[in-house]
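**Q** One structure is given below, represented as structure tokens, and several questions about it will come after.
The values are calculated or read from the model by the stated rules, or taken from the named source; none is laboratory data. The shown structure was predicted, so the numbers you read here are calculated from the model rather than taken from an experiment. Note that we place each Cβ from the backbone using ideal geometry, even for glycine, and neighbour counts take in every protein chain shown.
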């Protein structure tokens, strides 16, 4: 009797093997031959699932994006207690910075997804970029005392407050630049320095105007930050 094959599981195994290749060699290392060797397969077996390198890389980029969401979002969304709204938001944003081995690994995976999107621009725009901007938009909105968005899809839409959009863009740009410095010039920007710089920027976000008071949450909601 022929053995039943769990094709979904085998594709998942290939995705895991490809992610290990990305961490060693970047997206360029994700070839049919390279991933097959990493997974312990023959190239012929792998071609049963992916006809060429383009199909393989497209699948791997999606698997990598899913992996990043599974790893990062629970940390970003976990309940927090903090001495101030700024401190609470800072601990959220720090999850996006490569400050330890786990987050440096995530940065490498994110860089691979960006490299793919640069070569093959998605019709709806960059998924990783939109995911990150949604997080920063929520953070700035909290700093300006708005209630958090409960529906995740709503966080990807522009905020009605133009200052939220402006400062979300500034925060996004700042974090990307700071992360690049941490990765590309190790030793020049310490974790303590990064933390201080981040908090300085967050403290510069202007508070909401008095006429926006109707949008403000209760004080205890603001302290939870996210």
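**Q** Please count how many residues of the stretch 130-154 are without any contact (Cβ under 8 Å) to a residue 24 or more places away in the chain and under 18 Å from residue 66 (Cβ atoms).
**A** Number of matching residues: 3.
**Q** Looking at the stretch 70-87, which of its residues are assigned to a helix (DSSP H, G or I) and in contact with a helix residue (DSSP H, G or I) (Cβ under 7 Å, 6 or more places away or on another chain)?
**A** Listed by number, the residues that qualify are 71, 72, 75, 76, 85, 86.
**Q** Can you confirm whether residue 38 is at negative phi, at pLDDT 90 or above and either in the same structural domain as residue 207 (by TED's automatic domain parsing) or within 16 Å of the chain's Cα centre (by Cα) (or both)? Outline the logic, then answer.
**A** Working: at negative phi: yes; at pLDDT 90 or above: yes; either in the same structural domain as residue 207 (by TED's automatic domain parsing) or within 16 Å of the chain's Cα centre (by Cα) (or both): no.
Against the criterion (at negative phi, at pLDDT 90 or above and either in the same structural domain as residue 207 (by TED's automatic domain parsing) or within 16 Å of the chain's Cα centre (by Cα) (or both)), residue 38 does not qualify.
**Q** Let me ask another. Does the stretch 16-37 hold any residues that are crowded, with 19+ Cβ neighbours inside 10 Å and part of a helix (DSSP H, G or I), and which are they?
**A** 17, 18, 19, 21, 22, 27, 32, 34, 35, 36
**Q** Condition test on residue 94, is it within 18 Å of the chain's Cα centre (by Cα), assigned by TED's automatic domain parsing to the domain that holds residue 197 and not in a loop (DSSP other than H, G, I, E, B)?
**A** In short, yes.
**Q** Tell me whether the stretch 41-53 contains one or more residues that are within 20 Å of the chain's Cα centre (by Cα) and not assigned by TED's automatic domain parsing to the domain that holds residue 185.
**A** no
Here's the yes/no breakdown for (1) free of Cβ contacts under 8 Å to residues at least 40 places away in the same chain; (2) in contact with a helix residue (DSSP H, G or I) (Cβ under 7 Å, 6 or more places away or on another chain):
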| position | (1), (2) |
| --- | --- |
| 10 | yes, no |
| 26 | no, yes |
| 36 | yes, yes |
| 63 | no, yes |
| 101 | yes, no |
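**Q** Within the stretch 139-226, considering only helices (runs of 4 or more DSSP H) that don't extend past its boundaries, which have at least 2 residues that are in contact with a helix residue (DSSP H, G or I) (Cβ under 9 Å, 6 or more places away or on another chain), at pLDDT below 90 and closer than 16 Å to residue 84 by Cα?
**A** Answer list for the stretch 139-226: 219-224.
**Q** Between a residue in the stretch 74-86 that is in the same structural domain as residue 96 (by TED's automatic domain parsing) and any residue that is loosely packed, with under 15 Cβ neighbours inside 10 Å, which pairs come within a Cβ distance under 9 Å, given they are 6 or more apart or on different chains?
**A** Qualifying pairs under 9 Å: 86/203.
**Q** Is it the case that some residue within the stretch 75-84 is surrounded by 13 or more Cβ atoms within 10 Å (Cβ to Cβ), under 25 Å from the mean Cα position of the chain (by Cα) and under 21 Å from residue 120 (Cα atoms)?
**A** No, the stretch 75-84 contains no residue that is surrounded by 13 or more Cβ atoms within 10 Å (Cβ to Cβ), under 25 Å from the mean Cα position of the chain (by Cα) and under 21 Å from residue 120 (Cα atoms).
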